[in-house]
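A.B. asks: Dumping the structure here so I can ask a few things about it.
Taken together, the values in this text are just the output of simple stated rules run on the coordinates, not laboratory data. It should be emphasised that the depicted structure is a prediction, and the values quoted were computed from it without experimental measurement. Positions of Cβ are backbone-derived with ideal geometry, glycine not excepted, and every protein chain shown enters the neighbour counts.
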Amino acid sequence: MQPSVQSLTEIPTRRNDDASPPSKARARRTELTTINREAILSARNDTILLADDDTNDILLFRRALKQANVPNPIQSVRDGTEAMDYLSGRDQYADRGTYPLPALLVLDLKMPRTTGFEVLQWLREQPRLNRLRVVVLSSSNQIADVNRAYELGASSYLVKPGGFDGLLAVVRMLEVYWLMLAEKPEVGCG
């Protein structure tokens, strides 16, 4: 018999002898620190796929992951065509031991050959991949780009921050929300 699965969070309850309820901030801190340890350990093995044509952005993203102590393996591709090849396991990406399906795709929009928009459209048409979580990380803050990305199935849209500290904050948020808290759908099944 398998042990029961615990909830992701446990909110502390008030004891009868407490004079006042805990502050909201303290309750939230307690809640975040009691995230199921199994979920955290499991999330550390989830691969992140970064699709970006800018070599400097790839290096900065990897540096931010390292500085934020995000232990997840990361793979990167330099355009939308490579992203589709990776996700479908074609050509050099056929070995899923070396190139596992990612738990999260971080996708730039303005890439050569095949754009991020085209990757989103293709991805949502793939029965085995259409539930993959995709965070668009683009330098564009144009509302037309934001709307189109969401219409094509992006899970989230973030504008690339101007400095490294901003990128570090984005990376930390990605880890906590997308890799630890949010439930991960099955991808590659069916």
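A.B. asks: Count, please, the residues in region 88-124 that happen to be closer than 20 Å to LYS184 by Cβ, touching a residue at least 12 places away in the same chain (Cβ under 8 Å) and of a type in the set (D, E, K, R).
C.D. replies: 1
A.B. asks: Out of the residues in region 145-174 that are surrounded by 15 or more Cβ atoms within 10 Å (Cβ to Cβ), in contact (Cβ under 8 Å) with a residue 60 or more places away in the chain and touching a helix residue (DSSP H, G or I) at 6+ places or on another chain (Cβ under 8 Å), state the one that is farthest from LEU120 (Cα to Cα).
C.D. replies: LEU168
A.B. asks: On to the next question. If you take the residues of region 65-92 that are hydroxyl-bearing (Ser, Thr, Tyr) and within 17 Å of ASP52 (Cα to Cα), which of them is surrounded by the most Cβ atoms within 10 Å (Cβ to Cβ)?
C.D. replies: Of all residues in region 65-92, those hydroxyl-bearing (Ser, Thr, Tyr) come to 76, 81, 86, 88.
Checking the rest, the ones that are also within 17 Å of ASP52 (Cα to Cα) come to 76, 81, 86.
Details: SER76: 19, THR81: 17, TYR86: 22.
Here the residue is TYR86.
A.B. asks: Among the residues of region 118-144, how many are surrounded by fewer than 17 Cβ atoms within 10 Å (Cβ to Cβ), under 16 Å from ASP108 (Cβ atoms) and more than 18 Å from the chain's Cα centre (by Cα)?
C.D. replies: 3
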